Amino acid sequence: MAEPVSHVTAQMPRAKLAGLLLFFLGPAVVIYTLFSIYPLVATMALSTYTSDTSGARSFVGLANFQTLLGDALWSKPFWNALGNNLIFFVVHMCVQNPVGIALAGLLSLPGVRLKGFYRTVMFLPTMLSVVIVGFSWNLILSPLWGVASGALKAVGLGSLFAPWLGLESSALVTLSLISVWQFVGIPMMLIYAALLNIPEELIDAARVDGLGQFRIFFHIKLPLVLPTISLVSVLTFVANFNAFDLIYSVKGALAGPNFATDILGTFFYRTFFGNQLQLGNPTMGAAVATVMFFIILLGLCLYLFLVQRRIRRYAF
Amino acid sequence: MANLSIEHLNKRYGATTVLNDVNLSIEDGEFVVLVGPSGCGKSTLLRMIAGLDGASGGDIHIAGKLVNTLAPAERGIAMVFQSYALYPHMNVRKNMTFGLKFTGVPPTERERRVTEAARMLRLEELLERYPRDLSGGQRQRVAIGRAIVREPEVFLFDEPLSNLDAALRVSTRVEIANLHRLLKSTIVYVTHDQVEAMTLADRIVVMNKGCIEQVGKPLDLYYEPANLFVAGFIGSPAMNFFEAEVEGIEGGRARVTGAAFRTLDISAASLKVGDRLTVGVRPEHLVRGEAGAFTAEGIVELVERLGEASFAYLRRVDGKMFVAEVRGRQTPAPGETVTLVAASPDVHVFDASGLRVATETR
């Protein structure tokens with residue numbers, strides 16, 4: 001994109017322009033370099049080394065990646081974690097975001113009472129500490145003393161209860177849903193704000209055109225907040241592939257049962273810091289972190305080039 | 001096309017009354033303009049006719065049918081909004097046909113109506129474009145087109161020209177007038193611009209503080225305002241008002257005196273000695289002279305030259321200001337004392353409650 005050259009900067013002495021650039025861009029460049037670029041580069045560099053038992057490091061090129069993807073001892077848990085992570089993401093996309101959109105749509109309807117109350121209540125879990133959320137749900141769903149089984153029994157659905165967090169088949173989805181419960185407030189708030197931005201007259205015009213609130217939502221409001229929805233999707237993607245804390249607080253670093261809830265974050269944690277009998281391996285950990293970075297980068301690129309370009313923001 | 005009648009319409013938000021017992025009857029094919037200062041309730045009234053706002057009391061009939069509980073789309077109305085309110089994610093054609101899809105108009109009929117409206121509004125070239133690629137005037141035409149394809153009984157316009165620049169406003173105004181001539185449809189049009197009201201309306205409804213002040217033909221409102229509010233609202237610059245009192249009555253005629261003008265002699269059956277009055281004269285009806293039915297003096301403080309006329313701002317004897325229009329190239333100089341007169345049909349008299357007093361000056 002060719003930006004028009006400003007006459008002010010074009011006529012400015014070079015030294016003055018440089019000083020100006022330094023003044024405005026300098027702080028951001030320093031902070032980004034220090035806290036984002038340097039750690040990233042250092043991690044990538046570390047991933048090309050290996051350390052022997054004495055702790056001395058030696059350059060091995062891409063050998064760590066070969067081990068990670070080729071050696072069954074490493075690749076099996078890696079692919080397991082990646083697969084689980086994808087499921088984790090899909091559950092968020094299919095539950096968290098649609099529910100967030102629906103809640104935002106309901107909140108933006110005319111004449112809803114106690115709007116502020118609902119908004120706050122639904123956003124509240126997002127502000128809770130993950131440890132509290134994990135611990136609470138652990139207790140709620142516990143087959144021994146949890147309220148879930150009793151609550152289901154009370155409405156005659158007792159037979160549906162299962163120790164969801166303990167079953168290999170359901171643990172991951174259960175954890176995903178707990179995460180959805182906690183973070184549904186974020187898509188709700190972002191989309192609610194976008195919905196409020198749609199001018200009232202546009203909705204009036206649709207009403208005059210004979211649309212009910214349901215159709216107005218699907219034909220007018222939803223297409224107009226698509227940019228926000230896609231933004232929410234990207235945020236979800238990045239957050240999900242960096243997720244760690246909920247799994248760790250509910251299931252520990254071993255992400256049981258039998259690694260059924262192991263995602264890239266927990267896999268990285270065990271690799272880098274070690275766990276129980278497994279020794280910490282910083283260079284392999286750096287390799288895992290680098291792969292995670294590239295997975296997220298790939299996802300973002302796909303989004304930027306395939307989705308973002310086709311989405312148009314509407315000025316009202 | 002249809003008539004529209006509004007009976008005892010009220011609108012309250014909590015303790016605030018926005019519309020107070022509004023009664024209005026609009027004939028088939030009539031172009032009615034609702035005009036008034038901001039906050040007078042004219043837009044609320046329009047939205048209630050449209051069905052976008054509910055009434056707190058009263059009835060609205062469109063084409064003889066009670067529409068109080070009907071949804072906007074069932075009322076046989078179409079509305080053009082101030083911001084045009086085009087759907088930004090649909091092209092012009094889709095904007096126009098979108099509503100028809102949901103009211104069960106078959107595709108071939110939709111196409112026919114769009115083609116016809118596009119021809120009428122010169123939109124043929126623009127049908128595939130998106131609103132963002134259109135100028136303000138074009139968007140406004142699309143908004144009108146979207147209203148036309150609905151083939152409504154009544155068109156509702158909510159300040160449709162206020163987002164356009166001055167030149168475009170004039171040409172679009174002419175276009176709307178032509179459209180009304182062509183479609184012969186019933187139109188209710190809200191504006192705060194009295195020029196739009198005067199030029200477009202068959203009848204003007206002047207509103208103030210949620211009440212209708214006067215309903216009448218444009219020139220009737222101008223020449224015979226029913227009360228002080230209408231007298232002051234219609235006309236620009238506004239009518240000059242002079243405080244006055246009935247000094248004596250002789251043979252059905254009243255001598256009216258005031259601090260700032262020479263004694264006036266009016267016929268008035270209803271007046272009594274001592275009645276407080278307001279005498280109104282429009283700036284454009286004041287001419288320089290020695291003595292007329294109405295005569296006032298003032299010291300020129302400021303002259304605004306517009307070209308076709310100039311406005312002189314004069315200080316009256318009682319210290320207040322009044323305005324006179326001066327034609328021609330010779331304008332009075334600031335500081336000059338000028339005597340201005342007005343002919344008897346141009347002198348308006350209002351009683352203490354602000355209502356017009358039927359008079360004839362000699």
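The values are calculated or read from the model by the stated rules, or taken from the named source; none is laboratory data. Bear in mind that the values here come from a model prediction, so they are computed numbers and not experimental data. A quick note on method: Cβ atoms are made from the backbone with ideal geometry, for glycine too, and the neighbour counts reach across all protein chains shown.
Among the residues of segment A:304-313, not a single one is over 30 Å from B:M90 (Cα atoms), among the charged types (D, E, K, R) and at pLDDT below 95. Here B:T97 fits the description: surrounded by 17 or more Cβ atoms within 10 Å (Cβ to Cβ) and more than 25 Å from B:T191 (Cβ to Cβ).
When residues in segment A:299-316 are screened for being in contact (Cβ under 8 Å) with a residue 60 or more places away in the chain, more than 14 Å from chain B (Cβ to nearest Cβ) and not β-branched (V, I, T), 4 of them pass. Scanning segment B:51-72 for residues being loosely packed, with under 14 Cβ neighbours inside 10 Å and within 14 Å of chain A (Cβ to nearest Cβ) gives a total of 1.
Within this structure, B:Y84 passes the test of being under 30 Å from B:N3 (Cβ atoms) and within 10 Å of chain A (Cβ to nearest Cβ). The residues of segment B:107-155 include none that are within 14 Å of another protein chain (Cβ to nearest Cβ), farther than 25 Å from A:L224 by Cα and polar (S, T, N, Q). Scanning segment A:212-237 for residues that are outside any helix (DSSP H, G or I) and at pLDDT 90 or above returns a single hit, A:V225.
For (1) out of contact with any strand residue (DSSP E or B) (no Cβ under 8 Å at 6 or more places or on another chain); (2) crowded, with 19+ Cβ neighbours inside 10 Å; (3) assigned by TED's automatic domain parsing to the domain that holds B:F229, each residue gets a yes or a no:
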| position | (1), (2), (3) |
| --- | --- |
| B:R276 | no, no, no |
| B:H285 | no, yes, no |
| B:R288 | no, no, no |
| B:G292 | no, yes, no |
| B:L302 | no, no, no |
| B:R305 | yes, no, no |
| B:R329 | yes, no, no |
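For segment B:210-259, a residue qualifies if it is over 18 Å from B:L355 (Cα atoms) and among the β-branched types (V, I, T), and the qualifying residues are B:I249, B:T257.
Selection over segment B:223-236 of residues that are surrounded by fewer than 18 Cβ atoms within 10 Å (Cβ to Cβ) and either assigned by TED's automatic domain parsing to the domain that holds B:A312 or within 14 Å of the chain's Cα centre (by Cα) (or both) gives a count of 2. Checking the structure you have, find out if any residue of segment B:21-32 is within 14 Å of chain A (Cβ to nearest Cβ) and either buried (at least 22 other Cβ atoms within 10 Å of the Cβ) or under 30 Å from B:A238 (Cα atoms) (or both). For segment B:21-32, residues within 14 Å of chain A (Cβ to nearest Cβ) and either buried (at least 22 other Cβ atoms within 10 Å of the Cβ) or under 30 Å from B:A238 (Cα atoms) (or both): absent. Only residues that are within 33 Å of the chain's Cα centre (by Cα) and not aliphatic (A, V, I, L, M) were counted across segment B:125-136, and they come to 5. Considering the conditions (1) in contact with a Pro (Cβ under 7 Å, 6 or more places away or on another chain); (2) closer than 30 Å to A:I191 by Cβ; (3) not charged (D, E, K, R), A:G111 is excluded by exactly one of them, (1). Evaluate the following for A:V95: is it closer than 17 Å to A:L264 by Cβ, surrounded by 14 or more Cβ atoms within 10 Å (Cβ to Cβ) and either modelled with pLDDT of 90 or more or touching a helix residue (DSSP H, G or I) at 6+ places or on another chain (Cβ under 8 Å) (or both)? When the stated conditions are applied, A:V95 does not pass them. Considering (1) in a strand (DSSP E or B); (2) within 14 Å of another protein chain (Cβ to nearest Cβ), the lone condition that B:L46 does not fulfil carries the number (1).
What helices (runs of 4 or more DSSP H), lying completely within segment A:94-177, carry at least 1 residues that are under 30 Å from A:G83 (Cβ atoms) and over 17 Å from the mean Cα position of the chain (by Cα)? Answer list for segment A:94-177: A:97-107, A:130-141, A:147-154.
Against the list (1) buried (at least 19 other Cβ atoms within 10 Å of the Cβ); (2) touching a residue at least 60 places away in the same chain (Cβ under 8 Å); (3) within 20 Å of B:G36 (Cβ to Cβ); (4) out of contact with any Pro (no Cβ under 9 Å at 6 or more places or on another chain), the condition B:R173 fails is (2).
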